[in-house]
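Reviewing the structure listed below.
The values are calculated or read from the model by the stated rules, or taken from the named source; none is laboratory data. Quick caveat, the model's predicted, so the values are computed rather than measured. FYI the Cβ positions are ideal-geometry reconstructions off the backbone, even for glycines, and counts take in every protein chain you see. Heavy atoms of the whole protein, side chains included, go into the accessibility calculation; ligands, DNA and RNA do not. Shrake-Rupley method; radii C 1.70, N 1.55, O 1.52, S 1.80 Å.
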Amino acid sequence: MDQTSRVLQIDLYYDLGESGGRLLIMPDVQTLVNELLFKLKKRKIEGSHATARQTAILLRLVISQQRIPYTHQAAALIDAVKAVGEQLVAANPVELAVGNIVRRVLHIIREEDLSLSTVAMVGLNVSAVSDDEGDTDQDDHPVLSAAAVAAASRNTLRPPSLQTLLEDLPDSAAVPHTSSSGDDSEGKSKSADKSSRSRRLKHDVIEAVNELIEDISTSHEQIAEQAVEHIHQNEVILTLGSSRTVLEFLCAAKEKKRSFRVFVAEGAPRYQGHLLAKELVARGLQTTLIADSAVFAMISRVNMVIVGAHAVMANGGVIAPVGLNMVALAAQRHAVPFVVLAGSHKLCPLYPHNPEVLLNELRSPSELLDFGEFSDCMDFGSGMGSPLLHVVNPTFDYVPPKLVSLFITDTGGHNPSYVYRLIADYYSTDDLVLQRKPAPVN
């Protein structure tokens, strides 16, 4: 069974489970983990969107089938996710989206656990107040929701913004009114609350992961909806290589009756720009295909550079297909805006200098030279077979934040200096390093 069938299998499992139907399928977690590990190692699955979505789906299943103890439920879920996450990241370190999703899920577990703890604390406080004040009208004392209080006390990269607190502020307080009871009923209530909290934590985490999967799946559409705000009539847009996000973004502007021309640099040596040019022409966009070396010659005619990204680092730097740093330098030299499209799953909480970050990998020399040309350059006279010609074929470029004018994500447009605030909403400092702490030796 291929990976697509496995994904459909997992989705069916969840659809039946959430609707209360009979669970006809019970996927084996370890089998699915091994299959995804194999595909990552063998490069059978590549690209931030595909790897992020399948990682999130797999971790959702890991959480759903994880047995959690009566106490320390969040710690048990975190350990289970980290155990799988370490393997997935090690299978293909260059796919940074895998690590991003693992950290996002860990952050979700911490947030949901903190939210439930806050709800319990607020409930106890309200109960104590009701004992002292009797039937005081609750509407006279509005209370922040549990999510808002949790946001105020969570341990992330920075304190919550005012916008985060305001979004979580309800129209009116919705804290249930409780009254005091006898010791026996109170003990039974506490026991029931603990059991209910255990089930509620896993349920809330899975619901949040479902929302994460939906955000990943619709990131292209969310970004494309903003195209009309950035692309104007009779402009010339330059891009390099092939990106589905860029394709949908440009086509969305075309559907809004914007008339513009696109210059596509071919993206050697894989020539992914050829594929993008064909897609743009098929959708009715005026397209000009140019060589990568012609970027500097054509940039003076361009109004805006719009490109995709492999990953966006915590400092606002971009890991992108090879050749884009040259395009960014040309854009800066001619004062042309350099715009990067990236879904929130591509935001990485690490910096380029972190040892966990693998910025690049080398592809096969056969993409540049065929074997005959390469073998002719071998020095057989020495008897060592050592080549005189070395071929370096990197996959990615690093574009520093000073060359980026604007990031457009599924949450809107942001300056490079604002990236760290976005990352603070998605990740916890405790999860930046995924390696679990070794067990103490007796």
- Ordered by packing density, taken as the mean number of other Cβ atoms within 10 Å over each peptide's residues, highest first, how do 239-249, 418-428 rank? 239-249, 418-428
- Query: With r defined as the distance between the Cβ atoms of residue 411 and residue 370 and R0 fixed at 41 Å, what FRET efficiency is calculated, to the nearest 0.05?
  - Reply: 0.35
- Task: Can you tell me how much longer the chain between residue 91 and residue 79 gets when fully stretched, taken as 0.36 nm per residue apart minus their C-alpha distance, in nm with one decimal?
- Result: 2.5 nm
- Solvent-accessible surface ranking, highest first, for 111, 225 at 1.4 angstrom: 225, 111
- Theoretical FRET efficiency, 1/(1+(r/R0)^6), r = Cβ-Cβ of residue 351 and residue 217, R0 30 Å, to 0.05: 0.60
- Message: Quick query: amide H of residue 95 versus all other amide H atoms, modeled in the peptide plane; which residues come in under 5 Å with a sequence gap of 5 or more or a different chain?
- Response: none
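Which FRET efficiency value, to the nearest 0.05, do you get for residue 232 and residue 300 by plugging their Cβ-Cβ distance into 1/(1 + (r/R0)^6) with R0 = 22 Å?
0.75
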- Message: At 1.4 Å probe size, put 300, 217 in order of accessible surface, largest to smallest.
- Response: 300, 217
- Message: For a quick check: with amide H placed at 1.01 Å from N, whose amide H comes under 5 Å from residue 311's, ignoring anything fewer than 5 positions away on the same chain?
- Response: 319
- Message: For a quick check of understanding: with a 1.4 angstrom probe and all protein chains in place, what accessible area in square angstrom does residue 218 have, to the nearest ten?
- Response: 40
- Multiply the residue gap between residue 259 and residue 361 by 0.36 nm, knock off their C-alpha separation, and tell me the result in nm, one decimal place. 32.9 nm
- Message: Please list 3J(HN,Hα) in residue order for segment 83-98, calculated via the Karplus relation 6.51 cos²θ - 1.76 cosθ + 1.60 where θ = phi - 60°; whole Hz, with x for glycine and proline.
- Response: 4, 6, x, 4, 5, 5, 5, 5, 5, 8, x, 6, 7, 5, 4, 5
- Task: Enumerate the calculated ³J(HN,Hα) couplings along segment 225-241 in order (Karplus 6.51 cos²θ - 1.76 cosθ + 1.60, θ = phi - 60°), each rounded to whole Hz, writing x wherever the residue is Gly or Pro.
- Result: 4, 8, 4, 5, 7, 10, 9, 10, 4, 6, 7, 10, 10, 10, 9, 9, x
- Message: Using a 1.4 angstrom probe on the protein heavy atoms only, could you order 43, 301 from most to least accessible area?
- Response: 301, 43
- Item | Listed pairs 257/278; 42/346; 44/256; 44/254; 42/202; 44/346 exceeding 27 Å between Cα atoms | 44/256; 44/254; 42/202
- Task: List every residue whose amide H lies under 5 Å from the amide H of residue 290, counting only residues 5 or more places away in sequence or on a different chain, with H placed 1.01 Å from N in the peptide plane.
- Result: 264, 265, 266
